[in-house]
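K.L.:
Quick one: the structure is below, questions incoming.
The values are calculated or read from the model by the stated rules, or taken from the named source; none is laboratory data. All figures in this text were calculated on a predicted structure; none of them were measured in a lab. So basically every Cβ, Gly included, is an ideal-geometry build from the backbone, and we count neighbours across all protein chains shown. SASA here: full protein model, heavy atoms, side chains in, ligands and nucleic acids out. Shrake-Rupley method; radii C 1.70, N 1.55, O 1.52, S 1.80 Å.
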Amino acid sequence: QVQLVESGGGLVQAGGSLRLSCAISERTFTIPGMGWFRQVPGKEREFVAAIGSDGWTTYADSVKGRFTISRDNAKNTAYPQMNSLKQEDTAKYYCAAGRGFYAYVSPDDYNYWGQGTQVTVSS
């Protein structure tokens with residue numbers, strides 16, 4: 001059973017930074033694209049960022065220029081670095097492993113999901 005283990009969430013002041021991580025617990029036959037989504041109560045889960053197995057990245061417009069996602073394929077781990085955080089970034093952040101190699105934007109293209117880690121940005 002493939003599991004995704006997330007860490008790095010917490011409370012930070014506006015303008016601060018956090019680095020999340022997401023590790024795939026087992027080696028998979030392919031190195032999947034990995035993505036991050038976030039959700040606040042009462043709203044749909046929204047795309048944040050994704051990285052393909054080759055390192056190609058894509059970001060939501062709301063985080064472009066502030067968030068950077070990287071990965072270590074040897075560790076099957078992805079690392080979103082979140083800078084210049086705003087109160088509107090407050091959400092539960094979910095890591096996901098894709099069905100193939102690419103940096104997918106749609107949650108429908110992800111097979112495995114983590115339990116989520118809370119990020120709270122205070123004023």
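K.L.:
Can you tell me which residue is most open to solvent (accessible area, probe 1.4 Å) among those in the stretch 69-102 that are closer than 18 Å to Ser25 by Cβ and charged (D, E, K, R)?
P.N.:
Top of the filtered list is Arg99.
K.L.:
Do you know which of the residues in the stretch 20-52 that are of a type in the set (Gly, Ala, Ser) and open to solvent by 30 Å² or more (accessible area, probe 1.4 Å) is farthest from Lys92 (Cα to Cα)?
P.N.:
Keep residues of the stretch 20-52 that are of a type in the set (Gly, Ala, Ser), which gives 21, 23, 25, 33, 35, 42, 49-50, 52.
Next, from what is left, pick out any that are open to solvent by 30 Å² or more (accessible area, probe 1.4 Å): 23, 25, 42.
Numbers: Ala23: 17, Ser25: 21, Gly42: 12 Å.
Checking each candidate, the answer is Ser25.
K.L.:
Could you check, for the stretch 57-64, whether at least one of its residues is under 20 Å from Gly100 (Cβ atoms) and in contact with a Lys or Arg (Cβ under 7 Å, 6 or more places away or on another chain)? Please lay out each step first, then the result.
P.N.:
In the first step, residues of the stretch 57-64 are kept if they are under 20 Å from Gly100 (Cβ atoms); the result is 57-59.
Adding the requirement that they be in contact with a Lys or Arg (Cβ under 7 Å, 6 or more places away or on another chain) leaves none.
No - not one qualifying residue is present in the stretch 57-64.
K.L.:
Counting only residues that are under 16 Å from Tyr79 (Cβ atoms) and surrounded by fewer than 19 Cβ atoms within 10 Å (Cβ to Cβ), which one in the stretch 59-68 is nearest to the chain's Cα centre (by Cα)? Give the derivation first.
P.N.:
Our first condition is that a residue be under 16 Å from Tyr79 (Cβ atoms); within the stretch 59-68, this holds for 59, 63, 66-68.
Applying the additional criterion that residues be surrounded by fewer than 19 Cβ atoms within 10 Å (Cβ to Cβ) yields 66, 68.
Details: Arg66: 14, Thr68: 10 Å.
Filtering first and then ranking leaves Thr68.
K.L.:
If Asp61 satisfies all but one of (1) in contact (Cβ under 8 Å) with a residue 24 or more places away in the chain; (2) assigned to a loop (DSSP other than H, G, I, E, B), what's the number of the condition it fails?
P.N.:
(1)
K.L.:
Then there's this: For Gly55, are the conditions met, namely being closer than 22 Å to Val105 by Cβ and either in a loop (DSSP other than H, G, I, E, B) or open to solvent by 20 Å² or more (accessible area, probe 1.4 Å) (or both)? Spell out the reasoning first.
P.N.:
On the way: closer than 22 Å to Val105 by Cβ: yes; either in a loop (DSSP other than H, G, I, E, B) or open to solvent by 20 Å² or more (accessible area, probe 1.4 Å) (or both): yes.
Taking the combined requirement at face value, the residue satisfies it.
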